[in-house]
Amino acid sequence: MEHKLRLFKVVLILAFIFSFTACTTPKTATEITTAETKILETTTVETTVAATTITETTAPEATTKGKIVFSSDRDGNGEIYTMNIDGSKQVRLTNNPKKDWEPSFSPDGSKIDFMSDRDGHIEIYTMNIDGSKQVRLITNNPAADGFPSFSPDGSKIVFTSNRDGNYEIYIMNIDGSEQVNLTNNPKKDWEPSFSPDGSKIVFTSNRDGNLEIYLMNIDGSEQVNLSNSPTGDGFPSSSPDGSKIVFTSDRDGNYEIYIMNIDGSEQVNLTKNPAGDVDPSF
């Protein structure tokens, strides 16, 4: 089961990264290795969940308090599930022959956003927390749109798309309207997420020759390289108070978890382990 899930996640991440390659330049070895490492390392939790005995109910509770949303291929393809924090009440929310993955709760707990290729290419969808009203937000676009992240107030979604020929960071309203390219850079920008106060977006880019952590205002202005390392840095996550960013880096010869101030100062290796440590989140 573990091997099957690992392969499933690798296929999904590579399907997004390499989709529509005619519009993009090839990924560097560092980018590909970083993406694969993230997925391979983060399947441990999902593998454990998949091994749990499941008693499915018709719908999850009406609140996301104490809930976890996740993806699994336990029913033959990628679907979205919720469960209680102790692993009980595991409920499948999507039921589609195509793949659904990368789910996250909206700040108010009323919605779940996720990625799906059910309409022929990767798009962003939302649904209610009971799985009802599954809606595609980005329509009539043949590009790959994915890795969505809600704004703290739930009114916006930031995401990655290659619709303009390379991967850029976009922002849109929760209903999919007013989609705007924020980065407008010939290199690749991805993995966006909001700061806790909603005023900034942290993301990863290879615009300086290797993967780095960047910060910008929500209108795309003042894009700043925070990590400034000659090796690969990625998968950033802001602290709840907005003062720190954790991220993954291979600057010490293997993948470790680092933390830095919001201005990029005081970058410290937290894990210091010979194994691969990736994908941190507060």
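Just so you know, all these numbers are worked out from the coordinates, no wet-lab data involved. Since this is a predicted model, take the numbers as computed values, not measurements. Glycine gets a Cβ as well: all are built from the backbone with ideal geometry, and neighbour counts include every protein chain shown.
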Worksheet item: Are any of the pairs 133/156; 188/272; 111/244; 111/133; 89/156; 99/200 more than 21 Å apart by Cα-Cα distance, and if so, which?
Response: 188/272; 111/244; 89/156; 99/200
Response to the item:
Low-density loop trypsin sites (Lys or Arg not before Pro), region 72-137, at most 11 other Cβ within 10 Å, DSSP non-H/G/I/E/B, are 133
Discussion item. Quick check: net charge around residue 218, other residues with Cβ under 13 Å of its Cβ, Lys/Arg +1 and Asp/Glu -1?
Written reply: -3
Fill in: Computed label-point distance, nm, for sites residue 175 and residue 207 using a 7 Å Cα→Cβ extension
3.2 nm
Worksheet item: For residue 269 and residue 219 in the same chain, what is the full-extension length gain: residue separation times 0.36 nm, less their Cα-Cα distance, in nm?
Response: 14.9 nm
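Just the ratio, please: alpha-carbon radius of gyration of region 54-136 over 2.2 N^0.38 Å, N its number of residues.
Dividing the Cα Rg of region 54-136 by 2.2 N^0.38 Å gives 1.00.
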Discussion item. Quick check on packing: order 193-200, 218-225, 123-130 by the mean number of other C-beta atoms within 10 Å, highest mean leading.
Written reply: 123-130, 193-200, 218-225
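How high is the relative contact order of region 54-136, in percent, with contacts defined as C-alpha pairs under 8 Å that are six or more residues apart?
Worked out over region 54-136, it gives 25 percent.
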Worksheet item: Counting only Cα, what are the radius of gyration and maximum Cα-Cα distance Dmax of region 139-282, in Å?
Response: 14.9, 46
Item to complete: Could you name the aspartates and glutamates whose alpha carbon sits less than 14 Å from that of residue 98, not counting residues in the same chain fewer than 8 places away?
Response: 73, 75, 79, 117, 119, 123
Worksheet item: What's the extension gain from residue 108 to residue 141 if we count 0.36 nm per residue and subtract their Cα-Cα distance?
Response: 9.0 nm
Worksheet item: What distance in nm separates the simple spin-label points at residue 84 and residue 96, each placed 7 Å from Cα in the Cβ direction?
Response: 2.9 nm
Worksheet item: Which number do you get for Rg(Cα) / (2.2 N^0.38 Å) in region 141-189?
Response: 1.08
Practice prompt. Rounded to the nearest Å, what's the spacing between the alpha carbon centres of region 208-273 and region 131-170? Just the number, please.
Written response: 23 Å
Response to the item:
Here the gain from full extension of residue 187 to residue 128, 0.36 nm per residue of separation minus their alpha-carbon distance, amounts to 17.7 nm
